[in-house]
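Only the coordinates and a few stated rules stand behind these numbers; no lab work does. Note that the structure is a prediction, hence the values are computed from the model and not measured. When we count neighbours, we look across all protein chains shown, and the Cβ atoms used for this are built from the backbone with ideal geometry, even at glycine.
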Amino acid sequence: MNVTTFSFPTTVLFGPGALAELPARAQRAGIQRPLVVTDPGLLRTEAFRALARTLGEAAQRKHWFVYSGVHPNPVETDVREAAAVFRERGCDGVVAIGGGSALDAGKAARLLVKRPELNFARFYDESDWSDLPPFVAIPTTAGTGSEVGRSSVITLDATKRKAVLFHPEMLARFVVLDPELTVGLPPELTAATGADALTHCIESFTCPVFHPMCDGIALEGIRLIGEALPRAYRDGGDIDARGKMLVAAAMGAVAFQKDLGVVHSLAHPLSTICGLHHGLANALCLVAGMRFCAARRPGIYRRVGIACGLDVLKGSDAKADERTISFIAQFLAALSLDLRLSAHGVGAEQLDALVAQAVEDPCHKTNVVPVSAQDFRSLYREVL
Ligand SMILES: NC(=O)c1ccc[n+]([C@@H]2O[C@H](COP(=O)([O-])OP(=O)(O)OC[C@H]3O[C@@H](n4cnc5c(N)ncnc54)[C@H](O)[C@@H]3O)[C@@H](O)[C@H]2O)c1
Ligand SMILES: [Zn+2]
């Protein structure tokens, strides 16, 4: 018999105003001099101003420091620079605020605090990481769920590809899910990041790893996104919808400890080669990926359809899949996402490079059916 390990260990503070608990909780976690890691766009948001007020403005500024150089789709330099500021300022913990980019960079920077020479490409050789500085994650998008994950997605200098750095010690000490911090997220980013969360739930549910707890979480995540994403998109100030999206995004990431699938392997090269936002890249590929899987494993989306509120409990597998996939296509279209790659500057001349990277990407190894290089080429052609 195979033995499986289940774990859901992160402490999450959830609710409007949850940010107010940060200082006391951080103290208890041993953080007196935090390094705040974020991206340049965040500095101009009300979310960052709220954090600054909470940590204490100007006079006490010497007790907390900021690294704000994180790129969208973070690169190694971001991580190295953040770690250098951490050491220079004598910080004792990282508070990352922002989307997945800021959270991933902040999470990974701790790896370099005591081992500045660490080669990320050899990260898996290292075994004991129990001395990492404490990490607090404050998401301001509702998509990646990086806040509850043990991994960090960084584009490596050597390969120019996204590498997933993974270690249980990378988990946040606690997470602040405060929907007020996502109110200022513009509609197009609300849609794209929400599509990422939806893709996490769908791909993790259909990934053939035995993990019934994750399966239940993924289905409830789909239900919440179906209810809340259109509302958060239409009215950014809808706190109830923003809160449901934050929780659903975290659920998507908890669920994908199972793993992901073909859609994420299609999406990753679109970010590294063409610079597309991760969530948008998933939105562009989701429907094509679902059609590909359903054609080879009929019935796989029946329970996804039920979670979307569709009446597909009975009837043929093919019909259930078709109705579910049509629903997802309409759902994404209603978020005004232009779902053709060509509309986002991606051209046929990039196909070879995209296919080569997609084949190398680890996510499709756990897809419900195998995916060949030829399949990737056809899928990219379909979404062009
Ligand atoms: N670690 C994981 O488990 C995991 C999972 C999925 C994706 N990722 C990674 O996460 C990254 C994508 O993260 P993302 O989709 O959250 O986007 P992002 O972090 O790149 O942010 C996108 C933009 O949104 C802006 N922004 C964020 N919050 C805002 C707010 N409240 N108001 C106004 N603007 C705001 C940022 O300044 C930025 O310009 C990718 O690098 C992806 O590979 C990681
Ligand atoms: Zn994703």
Taking the chain and counting helices only, DSSP H stretches of n ≥ 4 at -39,500 (n - 2.57) each over all residues, the nearest-500 ellipticity at 222 nm comes to -14500 deg cm²/dmol
With charges only on Cβ, +1 for K and R and -1 for D and E, what is the dipole size of region 11-182 about its Cα centre, in debye, rounded to 20? 220 debye
Please check the chain for the longest run free of chymotrypsin sites (Phe, Trp or Tyr not before Pro) that are loop-located per DSSP (anything but H, G, I, E, B) and have at most 12 other Cβ atoms within 10 Å. 7-209
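Nearest 5 percent is fine: what portion of the DSSP beta bridges confined to the chain is antiparallel? Spell out each step's value before the answer.
Numbers: 5 of 24 bridges.
The answer is about 20 percent antiparallel.
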Can you give me the Cα centroid spacing of region 91-169 and region 1-73 in angstrom? 14 Å
In whole angstrom, and with the biggest value first, how far do the Cα coordinates of the chain range along each principal axis? 64, 50, 43
So if I restrict to the alpha-carbon atoms in region 11-182, what is the Rg, and what is Dmax, the biggest pairwise distance, in Å? 14.7, 43
Work out the length of the dipole vector of the chain about its Cα centre, built from +1 on the beta-carbon of each Lys and Arg and -1 on the beta-carbon of each Asp and Glu, and round it to the nearest 20 debye. 300 debye
Given +1 on the Cβ of Lys and Arg, -1 on the Cβ of Asp and Glu, and no further charges, what dipole in debye does region 192-252 carry about its Cα centre, rounded to the nearest 20? 100 debye
Mind ordering 183-192, 93-102 by average Cβ neighbours within 10 Å, highest first? 93-102, 183-192
In whole Å, how far is the Cα centre of region 182-208 from that of region 226-253? 10 Å
Just to confirm the filter: which trypsin sites (Lys or Arg not before Pro) across region 225-329 are DSSP coil and have at most 11 other Cβ within 10 angstrom of their Cβ? LYS314
How about LYS107: which lysines have a C-alpha closer than 19 Å to its C-alpha, ignoring those fewer than 8 places off in the same chain? LYS162
